[in-house]
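Student: Take a look at this one; I'll ask things after.
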Amino acid sequence: MLYKVPLFDLNFDSEEEKAACDTIHSKWISMGPKTIEFENNFKKLIGARYSVALTNCTVALHLAMDILGIGEGDEVICPSLTFVATVNAIRYVNAKPVFCDIIGYDNLTIDPDHITRLITKRTKAIIVMHYGGFPCEMGLIMQIAQNYGLKVIEDASHSPLSVYREKKLGTIGDIGCFSFFANKNISTGEGGMLVTNNSDYYDKAILLRSHGMTSLSYERSKGHSTSYDVVALGYNYRMDDIRAAIGLVQLNKIRKDLDIRQNLRKLYISNLTHIHSIIIPFKDHNDFCSNYIFPIILKDSNSATRDLFRNKLHMHGIQTSVHYPAVHRFSIYQKYNAHLPKTEYVSDNEITLPLYSGLGKEQIEDISIIISECIQ
């Protein structure tokens, strides 16, 4: 069906079209000057020393594991309430995911207390995911990492410009990974970015993203190099200039987009806070946030009740989603025998409501009325 209110709407217009066309007309469409410009503008925007544009966030997570020397026999503590790519990256390097519960129904980020209880002599790293753009308890997590000699990877795919104690998410841990998938705050269709403040990690990322080659075709085309060596087992994880050109336009729009989302979130909270049968996670969070999604959780519910409620919204022309099916329940990950009661309840009872900068005040009011009526 054609939804009256979709879950998401792409923030594209003629500017992105022109940027892509101009790049095509330049006759340099693979990784080149636009990619370099995109990397430079992105790192300035979030306050990182280095950034590396990549084909998507999944490969950024994979490179993070590789760069940090995580491999077979190592354990990586990770959330289960996340998109599966967060955990898949651990398996790409033959390490073991150790699933951690969330703090609670008001805060859907990874629980530092549970992290501490999961650490063993084989633990090598912690990967956090800033759910919906809301920050994990990074002060506590970084202290835990320091105490036990662990690396920290931030899955910041939801989080461009989100802030934790005046620092942008993605710049606090050893490596941060961002997504530019079609439905993200910054979109290039497909795309990702790895950021770090460590020059050695940056050098490794640059080398590994392009086959372990010592020079790139763009450099050779400009006469900066006439040959290359291959010094590491690398990958083809490069972003192309067409997507980077689109990304540059998106960077110019992001602050306005996030300001609008911030106001829409406040409007949702104002309209829904009287409904006592739902929980609004992060309701009292006041720091600047990307507000990638707007989740609600049904109280005293189960997955069947949640799905019935979603269907009622569907019949009213309102598209919803679930963020996320718990990763540890997927067939491929059940062998790790995780028991995460808070994650499991949220996975069964969370509903993601529409949120995008083109959403109108009247639409949010209508959605809120329909929720109030359908939940009775």
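Student: Val87 - would you say it is within 27 Å of Val327 (Cβ to Cβ), part of a strand (DSSP E or B) and either out of contact with any Leu (no Cβ under 7 Å at 6 or more places or on another chain) or outside the structural domain of Lys124 (by TED's automatic domain parsing) (or both)?
Tutor: Judged against the criteria, Val87 is not a match.
Student: What about Tyr324, is it crowded, with 21+ Cβ neighbours inside 10 Å and either out of contact with any His (no Cβ under 7 Å at 6 or more places or on another chain) or not assigned by TED's automatic domain parsing to the domain that holds Ile102 (or both)?
Tutor: Criteria met by Tyr324.
Student: For Gly132, work out the one condition from (1) outside any helix (DSSP H, G or I); (2) in contact with a His (Cβ under 6 Å, 6 or more places away or on another chain) it doesn't fulfil.
Tutor: For Gly132, the exception is condition (1).
Student: Cβ-Cβ below 8 Å, separation at least six or inter-chain, first residue in segment 283-301 and in the same structural domain as Gly132 (by TED's automatic domain parsing) and basic (Lys, Arg), second crowded, with 23+ Cβ neighbours inside 10 Å and in a loop (DSSP other than H, G, I, E, B): which pairs?
Tutor: Partner pairs satisfying both residue conditions: none exist.
Student: Out of Ser331, Ser321, which single residue is modelled with pLDDT of 95 or more, in contact with a Leu (Cβ under 9 Å, 6 or more places away or on another chain) and of a type in the set (Gly, Ala, Ser)?
Tutor: Going through Ser331, Ser321 in turn, just one is modelled with pLDDT of 95 or more, in contact with a Leu (Cβ under 9 Å, 6 or more places away or on another chain) and of a type in the set (Gly, Ala, Ser): Ser321.
Student: Going residue by residue through segment 266-279, is there one that turns out to be assigned to a loop (DSSP other than H, G, I, E, B), of a type in the set (A, V, I, L, M), over 26 Å from the mean Cα position of the chain (by Cα) and not assigned by TED's automatic domain parsing to the domain that holds Met138?
Tutor: Yes, segment 266-279 contains a residue that is assigned to a loop (DSSP other than H, G, I, E, B), of a type in the set (A, V, I, L, M), over 26 Å from the mean Cα position of the chain (by Cα) and not assigned by TED's automatic domain parsing to the domain that holds Met138.
Student: Now for a separate question. Is it fair to say Ala48 is touching a residue at least 12 places away in the same chain (Cβ under 8 Å) and surrounded by 24 or more Cβ atoms within 10 Å (Cβ to Cβ)?
Tutor: no
Student: Within segment 157-173, which residues are surrounded by 24 or more Cβ atoms within 10 Å (Cβ to Cβ) and touching a Ser or Thr at 6+ places or on another chain (Cβ under 8 Å)?
Tutor: Of everything in segment 157-173, those that are surrounded by 24 or more Cβ atoms within 10 Å (Cβ to Cβ) and touching a Ser or Thr at 6+ places or on another chain (Cβ under 8 Å) turn out to be Ser157, His158, Ser159, Pro160, Ser162, Leu169, Gly170.
Student: Sticking with this structure for a sec: Could you tell me whether segment 352-363 includes any residue that is surrounded by fewer than 17 Cβ atoms within 10 Å (Cβ to Cβ), out of contact with any helix residue (DSSP H, G or I) (no Cβ under 7 Å at 6 or more places or on another chain) and not in a loop (DSSP other than H, G, I, E, B)?
Tutor: yes
Student: Within segment 106-127, work out how many residues are surrounded by 22 or more Cβ atoms within 10 Å (Cβ to Cβ) and out of contact with any Leu (no Cβ under 9 Å at 6 or more places or on another chain).
Tutor: So the answer is 1.
Student: Let me ask something else. Out of Lys34, Lys27, I need the residue that is more than 15 Å from Ile206 (Cβ to Cβ) and at pLDDT below 95. Which one?
Tutor: Selected residue: Lys27, the only one of Lys34, Lys27 that is more than 15 Å from Ile206 (Cβ to Cβ) and at pLDDT below 95.
Student: Shifting gears a bit: Among (1) outside any strand (DSSP E or B); (2) touching a residue at least 40 places away in the same chain (Cβ under 8 Å), where does Leu308 come up short?
Tutor: Among (1) outside any strand (DSSP E or B); (2) touching a residue at least 40 places away in the same chain (Cβ under 8 Å), Leu308 violates only (2).
Student: Looking at Tyr292, Tyr356 in this structure, which one is within 21 Å of Leu258 (Cα to Cα) and in contact with a Gly (Cβ under 6 Å, 6 or more places away or on another chain)?
Tutor: Answer to the check: Tyr292.
Student: Out of everything in segment 152-194 that is assigned to a loop (DSSP other than H, G, I, E, B) and among the charged types (D, E, K, R), what residue ends up being farthest from Phe294 (Cα to Cα)?
Tutor: Once the filter is applied, the top-ranked residue is Asp174.
The values are calculated or read from the model by the stated rules, or taken from the named source; none is laboratory data. Every value quoted in this text rests on a predicted model; they were computed, and no experiment measured them. No Cβ is skipped: glycine too gets one built from the backbone with ideal geometry, and neighbour counts run over all protein chains shown.
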